[in-house]
Amino acid sequence: MAHLDVTRENFDELLVNIGKPVLLDFWAPWCGPCKQISPIVEQIGAEREDIIVGKVNVDEEMELAQRYKVMSIPTLVVLNGGKVAGKAVGFRSKEEILKLISQK
């Protein structure tokens with residue numbers, strides 16, 4: 001699975017029922033760096049079955065963006081057990097994103 005589109009409606013269910021680390025990509029359609037990082041995030045989602053990749057459109061899901069204090073995009077947030085385990089703002093390479101995911 002490449003990624004899930006995350007909304008307020010499915011967010012809590014996603015976190016409660018999964019039991020895997022979650023990589024959230026906060027993005028917007030008009031954001032250039034978001035378009036650059038998106039294929040990398042989706043590739044990681046396709047390659048790694050031990051994590052869930054979710055994409056959060058900040059224009060549509062402002063409440064989720066505020067909950068995770070997203071001020072700039074793209075922002076990547078790693079959740080482990082429902083808690084923030086890592087966060088990165090701006091474009092990141094695949095290696096940097098994988099390192100962020102592996103933080104405990």
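No value in this document is a laboratory result; all are computed from the given coordinates. On a predicted model such as this, the values are computed, not experimentally measured, just so you know. Using ideal geometry, Cβ is built from the backbone for each residue, glycine included, and neighbour counts are taken over all protein chains shown.
For the range 90-98, 3J(HN,Hα) computed residue by residue from phi via the Karplus equation (6.51, -1.76, 1.60; θ = phi - 60°) reads x, 5, 9, 6, 4, 4, 5, 5, 5 Hz, glycine and proline entered as x.
Quick one: net charge around Glu95, please, counting Lys, Arg +1 and Asp, Glu -1 for every other residue with C-beta under 15 Å from its C-beta. It would help to have the intermediate numbers written out before the result.
Numbers: positive: Arg48, Arg92, Lys94, Lys99; negative: Glu47, Glu96.
So the surrounding residues net to +2.
Computed on the chain, with alpha-carbon pairs under 8 angstrom and 6+ residues apart, the relative contact order is 34 percent.
For Lys99, the aspartates and glutamates whose Cα comes closer than 18 Å to its Cα, not counting residues fewer than 8 places off in the same chain, are Asp25, Glu42, Glu47, Glu49, Asp50. In a fully extended conformation the segment linking Asp59 and Met71 would gain 3.1 nm over its present Cα-Cα distance, using 0.36 nm per residue. Hey, for a label at Val89 modelled as a point 7 Å past Cα toward Cβ, could you say which residues of the range 10-50 have their backbone N under 18 Å away? Hits in the range 10-50 for Val89 at 18 Å: 24-28, 31-35, 37. Using 12 Å as the cut-off for backbone N distance, which residues of the range 40-61 belong to the label zone defined by a point 7 Å from the Cα of Lys20 along Cα→Cβ? Taking a point 7 Å out along Cα→Cβ of Lys20, the residues of the range 40-61 whose backbone N falls under 12 Å are 44-54. Sorting Phe91, Phe26, Phe11 by the number of Cβ atoms found within 10 Å of their own Cβ, with the fewest placed first, yields Phe91, Phe11, Phe26.
In the chain, the calculated helix contribution to ellipticity at 222 nm averages -12000 deg cm²/dmol per residue, counting -39,500 (n - 2.57) for every DSSP H run with n ≥ 4.
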